[in-house]
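What follows is one structure encoded as structure tokens, with my remarks underneath.
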Amino acid sequence: MCGIFAVSGETSDAGMRVLEGLKKLEYRGYDSWGIAVRAPEGHVPIEKEIGKISHVEQVFVDAHEAIGHSRWATHGGVTRENAHPHQVGRVTLVHNGIFENYKEVKEEGPDHAFLSETDTEVIAVMINHLLEEGKSSEEALRTAAEKIIGRFALLVMIEGISGILAARRGSPLIIGRGEEETFIASDIPAFLAHTNVVNYLDDDEMVHIDGAKVQFSSLQTGELIEKRNIEVPWKVEEAEKGDYPHFMIKEIFEQKETIARAINHEDALVEEAIELLQSCNGVYFVACGTAHKAAMAAEYFFAKFSHRKINVVPASEMPSFEQFINEKTAIVAVSQSGETADLLEILERGQKKGAKVLAMTNVESSTIARIADVHLPINAGPEKAVASTKATTAQMAILFLLACADGNRMNEGRQILRSVSGNINDLLNPRYEDLVRTVAQEIMNHSTLFIIGRGSLYPMALEAAIKIQEVSYIHAQGFPAGEIKHGPIALIEEGTACLVLGDDQETLSNATELKSRGAMIIGVSTTQADIFDHWLRVPDCGGAQSIATVVPIQILAYHLAVLRGLDPDMPRNLAKSVTVK
Ligand code: F6R
């Protein structure tokens, strides 16, 4: 959560560059924004406001260094005072993360008239105080970092010292190496238009950039560190909307290719992942939100293709089961961003107990990808809309392949997934989108929506509910089809909209039970049934049916949001990468 961006170099419009970079990071947080530049006279003016940065056209001109921040509020409400950067004496800084013990440090620290309620201002006070005591900028940052319990990515500008300092522990920071300038950002798309050559900052490391000069050092000892330049294969177009009105629909349509790309791994890497699983006694699949629903689908894939019962637990619920984690446990982490705090904590604690980590993420530079014993990239390309779509089906495709490989059926798995990919390619066309939009028009003014599914379509009912809730704000709820008669059916009234995933006999009987209480039935299935009031066709994908079923639901959620006048890319109260607990 929160996007941060810095530039230092042979440019005179650093403020505008930070503005453009932050716009590309806005999916990480969008309740307020702020930019600070080093003015030619040496002082550091700040512009900050509440609201979305996408509406801002112009900030300072004439500066060669600047830092900025796009906020998702944690400590302190959404006010101008709480927006970053925060400035204390010579120090101006932005922060992404959580400083857990900031209240204690604030009380022990020097007297200061705080202007905000944030944890970040306390860091600025600490660094400024240490500079006043005569410490160098690097020493001041190191000493302040020692006091912080929690996670941080910090960008710091100090009056009288040229360049920008950055440090990380637990929140992402990537350095972009331009010809005559250097960038620092929470995510690569922010500077991709300028360079695709990067260095990854690891935990407890800091960096000082000054134009093209870049110096890495340990945040603990100050010792200098050498880093390799890495070229990332992402293309600028992948991180732009192009001709699409929103990232969400662009990313839905990209599933024409991403499923095939997701499984395009060397057999050896998949085999390494399988060896890890098979060398352990207990396997826990841990994830959050939509990624957790993908992991739930994997429970069905493993049962069917390798006859293995896996445990699937939302990361935030995992503490109750940590007693079972030991050196013979495999933890499989599924995460688009690779930065989700609840998940990261479980992995770190699990690794301390000797557990092995197999991770699937979409961001190879992410913390989870970097701490994993084996990492399977999901290769979906940058996902910018807050609601996960192409990353979800890519996660499901890899999980499906893994289940097949675990049952010695890797080739069969690849074949099935190739046909899923072809089927989704055929499905994703403007005519189909129009059909889904028509169904969205039918239900756009409903306040409640129920979704049922059985077997591997049950997790998809839960996923459908998340997708619809988060972008359309309609109260949507998913159930196992057979459970509906054990309580939820009491909620059905004349005209209640129910999405029925699948067309097996038992699910259709459950749908009939709903229909006879007045429900409007929208079937999402391979075949049409008489009881459906509306029907969204899904191609027949055999054992991987759940992967294809999620696609029409994503399109439905998107159009519900648009028809209700909402921005599907930036739903209220949410952020793309949930780096707080
Ligand atoms: C919903 C959505 C979230 C994420 C969840 C985990 O569309 O995107 O529920 O799935 O926050 O995020 P990652 O996958 O980045 O760990």
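For the stretch 208-251, how many residues meet the condition of being of a type in the set (S, T, N, Q) and in contact (Cβ under 8 Å) with a residue 60 or more places away in the chain? Reasoning before the result, please.
Start the filter on the stretch 208-251 by keeping residues that are of a type in the set (S, T, N, Q), which leaves 215, 217-218, 220-221, 229.
Restricting the remaining residues to those that are in contact (Cβ under 8 Å) with a residue 60 or more places away in the chain gives 217, 220.
Qualifying residue count, the stretch 208-251: 2.
Test each condition in (1) modelled with pLDDT of 95 or more; (2) near the ligand (Cβ under 9 Å from one of its atoms) for Met396 and report the one that comes out false.
Of (1) modelled with pLDDT of 95 or more; (2) near the ligand (Cβ under 9 Å from one of its atoms), only one is false for Met396: (2).
So which of Gly34, Gly77 is modelled with pLDDT under 90, closer than 30 Å to His246 by Cβ, outside any helix (DSSP H, G or I) and not assigned by TED's automatic domain parsing to the domain that holds Pro382?
Of Gly34, Gly77, the one residue that is modelled with pLDDT under 90, closer than 30 Å to His246 by Cβ, outside any helix (DSSP H, G or I) and not assigned by TED's automatic domain parsing to the domain that holds Pro382 is Gly77.
Check Glu41 against each of (1) more than 21 Å from Ala575 (Cα to Cα); (2) in contact with a Ser or Thr (Cβ under 9 Å, 6 or more places away or on another chain); (3) among the charged types (D, E, K, R); (4) modelled with pLDDT under 90 and name the one condition it does not meet.
Just one mismatch for Glu41, condition (2).
Are there any strands (runs of 3 or more DSSP E) wholly within the stretch 290-373 with 3 or more residues that are more than 11 Å from the ligand (Cβ to nearest atom), of a type in the set (A, V, I, L, M) and surrounded by 22 or more Cβ atoms within 10 Å (Cβ to Cβ), and if so which?
329-335
Just to be sure, is Ala83 touching a Leu at 6+ places or on another chain (Cβ under 7 Å) and under 27 Å from Leu25 (Cβ atoms)?
No; evaluated as a whole, the condition is false for this residue.
Looking at the stretch 241-289, which of the residues that are more than 13 Å from Ala359 (Cα to Cα), part of a helix (DSSP H, G or I) and among the small types (Gly, Ala, Ser) is farthest from the ligand (Cβ to nearest atom)?
Per the stated criteria, the residue is Ala268.
I need the full set of residues from the stretch 235-249 which are modelled with pLDDT under 95 and surrounded by fewer than 14 Cβ atoms within 10 Å (Cβ to Cβ), in order please.
Lys235, Val236, Glu237, Gly242, Asp243
Look through the stretch 563-581, keep the residues that are closer than 17 Å to Arg437 by Cβ and open to solvent by 60 Å² or more (accessible area, probe 1.4 Å), and return whichever of them is farthest from the ligand (Cβ to nearest atom).
Looking at residues that are closer than 17 Å to Arg437 by Cβ and open to solvent by 60 Å² or more (accessible area, probe 1.4 Å), I get Gly565.
Would you say Thr221 is within 16 Å of the ligand (Cβ to nearest atom) and not hydrophobic (A, V, I, L, M, F, W, C)?
No: the conditions fail for Thr221.
If you check Leu417, Leu402, which single one turns out to be touching a strand residue (DSSP E or B) at 6+ places or on another chain (Cβ under 9 Å) and more than 13 Å from the ligand (Cβ to nearest atom)? Lay out the reasoning, then the answer.
On the way: Leu417 fails: touching a strand residue (DSSP E or B) at 6+ places or on another chain (Cβ under 9 Å).
Criteria check complete, one pass: Leu402.
Which ones in the stretch 70-84 are under 19 Å from Thr579 (Cβ atoms) and surrounded by 15 or more Cβ atoms within 10 Å (Cβ to Cβ)?
Ser70, Arg71, Trp72, Ala73, Thr74, His75, Gly76, Asn82, Ala83, His84
Do you know which residues across the stretch 26-69 are touching an Asp or Glu at 6+ places or on another chain (Cβ under 7 Å), open to solvent by 20 Å² or more (accessible area, probe 1.4 Å), without any contact (Cβ under 8 Å) to a residue 40 or more places away in the chain and closer than 23 Å to Ala239 by Cβ?
Ser54
Of the residues Lys309, Lys328, Lys304, Lys293, which single one is out of contact with any Lys or Arg (no Cβ under 8 Å at 6 or more places or on another chain), at negative phi and without any contact (Cβ under 8 Å) to a residue 12 or more places away in the chain?
Unique residue meeting the criteria: Lys309.
Scanning the stretch 374-391 for residues that are away from the ligand (no atom under 13 Å from the Cβ) and assigned to a loop (DSSP other than H, G, I, E, B), which turns out farthest from Val197 (Cα to Cα)? Reasoning before the result, please.
Filtering the stretch 374-391 for residues away from the ligand (no atom under 13 Å from the Cβ) gives 374-377, 379, 381.
Still in the running and assigned to a loop (DSSP other than H, G, I, E, B): 379, 381.
Working: Asn379: 18, Gly381: 17 Å.
Only one residue tops the list, namely Asn379.
Between a residue in the stretch 515-533 that is under 17 Å from Ala461 (Cα atoms) and any residue that is among the charged types (D, E, K, R), which pairs come within a Cβ distance under 6 Å, given they are 6 or more apart or on different chains?
Going by the 6 Å Cβ cut-off, the qualifying pairs are Met520/Asp533; Ile521/Lys515; Ile521/Asp533; Ser525/Asp503; Thr526/Asp540.
Which numbered condition trips up Ile492, out of (1) open to solvent by 30 Å² or more (accessible area, probe 1.4 Å); (2) more than 22 Å from Phe253 (Cα to Cα)?
The one condition Ile492 does not meet is (1).
At pLDDT below 95, open to solvent by less than 10 Å² (accessible area, probe 1.4 Å), part of a strand (DSSP E or B) and touching a helix residue (DSSP H, G or I) at 6+ places or on another chain (Cβ under 9 Å) - does that describe any residue in the stretch 99-110?
Yes: the stretch 99-110 contains one or more residues that are at pLDDT below 95, open to solvent by less than 10 Å² (accessible area, probe 1.4 Å), part of a strand (DSSP E or B) and touching a helix residue (DSSP H, G or I) at 6+ places or on another chain (Cβ under 9 Å).
Given the conditions (1) of a type outside the set (Ser, Thr, Tyr); (2) over 20 Å from Ala544 (Cα atoms); (3) open to solvent by 20 Å² or more (accessible area, probe 1.4 Å), and given that Val283 satisfies all but one, which numbered condition is not satisfied?
Of everything listed in (1) of a type outside the set (Ser, Thr, Tyr); (2) over 20 Å from Ala544 (Cα atoms); (3) open to solvent by 20 Å² or more (accessible area, probe 1.4 Å), Val283 misses just condition (3).
Looking at (1) touching a residue at least 24 places away in the same chain (Cβ under 8 Å); (2) open to solvent by 10 Å² or more (accessible area, probe 1.4 Å), which one does Ala497 not meet, given that it meets all the others?
Answer for Ala497: the failing condition is (2).
Check the stretch 437-445 and report whether any residue there is of a type in the set (A, V, I, L, M), in the same structural domain as Ser525 (by TED's automatic domain parsing), touching a residue at least 24 places away in the same chain (Cβ under 8 Å) and within 16 Å of the ligand (Cβ to nearest atom).
no
Scanning the stretch 135-193 for residues that are among the hydroxyl-bearing types (Ser, Thr, Tyr) and under 15 Å from Phe99 (Cα atoms), which turns out surrounded by the fewest Cβ atoms within 10 Å (Cβ to Cβ)?
That would be Thr143.
The values are calculated or read from the model by the stated rules, or taken from the named source; none is laboratory data. None of these values were measured; they are calculated from a predicted model. Note that each Cβ is placed from the backbone with ideal geometry, even for glycine, and that neighbours are counted across all protein chains shown. Surface accessibility is based on the protein's heavy atoms, side chains included, excluding ligands, DNA and RNA. Shrake-Rupley method; radii C 1.70, N 1.55, O 1.52, S 1.80 Å.
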